[in-house]
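Some notes on the structure that comes next.
The values are calculated or read from the model by the stated rules, or taken from the named source; none is laboratory data. This one's a predicted model, so the numbers in the text were calculated from it and none came from an experiment. Counting neighbours? That spans all protein chains shown, and the Cβs are built from the backbone with ideal geometry, glycine included.
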Amino acid sequence: MKEMNILNSLRQNNLSFKLVPIHIRELIYFQEVPCDIYGYVNEFFVVVMQKGLLINKDSLQQVINLGADQLFVLDDDYKLLVKKNQKILLEISRSLSIGDVIANGKKQVYYLSLNLEYLYQNPTDDETLLLQYQCIKSLGRLLLAKLSLIPVLFQYLLDQTYHYSVSQPLLSSLILLGYLKSTQQFSEKDIISLFLTSYFKDIGLSIIPKTCLDKKDLNEEEKKLISQHQQFSIEILSGRIPLGVNYFNIINNHHVHSLLGGDVVTKANDQNEVLIGAETLFVEMVDILAAMISKRPYRDGLTLYSGLQRIKDILGKEHQQEFKLLVWFLQKFFKLDDKSS
């Protein structure tokens, strides 16, 4: 019996070095379990879902009932799992306008968010980055043709449980695309380029530990680190996705008036005032709004109206016309009342 206990301990210890944590959402759209799924139950790693098992509400509920606090797969199986999810994302993106467009859009948002998590794990992975670029571009083209999808997909994403570093880029970019279209000042090609710029502008956050991103009260060293995420984004993206110099300048300057979407105000002083173009202003404005109305680990999200009040405090006096255009867009597509105008 003692020898069996020792053997089991050795097996468990060996497993702990081979297992990779996953989230249950990585399995949701599979018809059957792609590989053995382990859970940590009563201080032991055990198989809670066998390869080939049909995935439905009952099988998922059984995992929950077992009390598995977290799910795991073997390292080699994890690579397989990622590839399968990426294949689904690519297939969805190629057929977005076929069939139920709302259902397709939601599913693509789901998988774009999932693949962005994979990209955050390894931002130097060219295949994952290119896939994300191609698929988010496909979504942008669909949205230009069907602007009514924007509030639907926005609310859908807002209701998900992704970390804000994953949800924020698309939340802000959804608003930006509709906002730019409503101004009637930009070609569709320019709108797509700005949509992509907005989406990838914060990829540099992947370099910053989540423990730092999740803190409410940052020390000076942490503030400095986070304030470098724009430069990190440029370093990660340069030469890897087809964005011009002007768009990289927008990424570099999209926090001129604020840090992390307005959570920490860092206005430039008079001697170091940065002159920014209208495109950068638009990107920054919707970024602040999306940050204000979405949850953070240390605070709840605000209403659209309260978020707009924050933008008005930061940018409204200097950029009244741009602010009014944003309010008009939100009134039309998000059914916002007129208290902010």
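Structure summary
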| item | result |
| --- | --- |
| Members of region 150-166 found to be in contact (Cβ under 8 Å) with a residue 12 or more places away in the chain, in a helix (DSSP H, G or I), under 23 Å from Asp100 (Cα atoms) and not aliphatic (A, V, I, L, M), listed by number | Pro151, Phe154, Tyr156 |
| Close pairs from region 205-225: first not assigned by TED's automatic domain parsing to the domain that holds Glu117, partner surrounded by 13 or more Cβ atoms within 10 Å (Cβ to Cβ), Cβ under 7 Å, at least 6 apart | none |
| Residue satisfying condition, being in the same structural domain as His229 (by TED's automatic domain parsing), closer than 17 Å to Leu194 by Cβ and assigned to a loop (DSSP other than H, G, I, E, B), within set Leu147, Leu142, Leu171 | Leu147 |
| Output for region 116-139, where each listed residue is closer than 17 Å to Leu153 by Cα and either not in a helix (DSSP H, G or I) or not charged (D, E, K, R) (or both) | Leu116, Cys135, Ile136, Ser138, Leu139 |
| Given (1) among the charged types (D, E, K, R); (2) touching a residue at least 40 places away in the same chain (Cβ under 8 Å); (3) surrounded by 13 or more Cβ atoms within 10 Å (Cβ to Cβ), index of the condition Asp126 fails | (3) |
| Unmet requirement for Lys57, which otherwise passes all of (1) at pLDDT 95 or above; (2) outside the structural domain of Ile203 (by TED's automatic domain parsing) | (1) |
| Scope region 96-110; condition free of Cβ contacts under 8 Å to residues at least 40 places away in the same chain and either surrounded by 12 or more Cβ atoms within 10 Å (Cβ to Cβ) or closer than 16 Å to Leu27 by Cβ (or both); matching residues | Asn104, Gln108 |
| Residue in region 272-291 that is part of a helix (DSSP H, G or I), farther than 17 Å from Asp202 by Cβ, at pLDDT 90 or above and of a type in the set (S, T, N, Q) present | no |
| In region 134-161, the residues that are surrounded by fewer than 20 Cβ atoms within 10 Å (Cβ to Cβ), more than 19 Å from Ile288 (Cβ to Cβ) and within 13 Å of the chain's Cα centre (by Cα) | Tyr156, Asp159, Gln160, Thr161 |
| Residue that is nearest to Leu19 (Cα to Cα) [pool: residues in region 45-84 that are of a type in the set (D, E, K, R) and touching a residue at least 24 places away in the same chain (Cβ under 8 Å)] | Asp75 |
| So Lys267, is it surrounded by fewer than 18 Cβ atoms within 10 Å (Cβ to Cβ), within 21 Å of Tyr164 (Cβ to Cβ) and modelled with pLDDT under 95 | no |
| Condition met for Ile250 (more than 21 Å from Lys181 (Cβ to Cβ) and modelled with pLDDT of 90 or more) | no |
| Tabulated pairs, region 286-304, first among the basic types (Lys, Arg), second assigned to a loop (DSSP other than H, G, I, E, B) and surrounded by fewer than 22 Cβ atoms within 10 Å (Cβ to Cβ), C-beta under 6 angstrom, 6+ apart or interchain | Lys295/Gly301 |
| Matching option when the condition is part of a helix (DSSP H, G or I) and surrounded by 16 or more Cβ atoms within 10 Å (Cβ to Cβ), among Leu218, Leu177, Leu243 | Leu177 |
| Verdict on Lys84 being outside the structural domain of Gly204 (by TED's automatic domain parsing), assigned to a loop (DSSP other than H, G, I, E, B) and not small (Gly, Ala, Ser) | no |
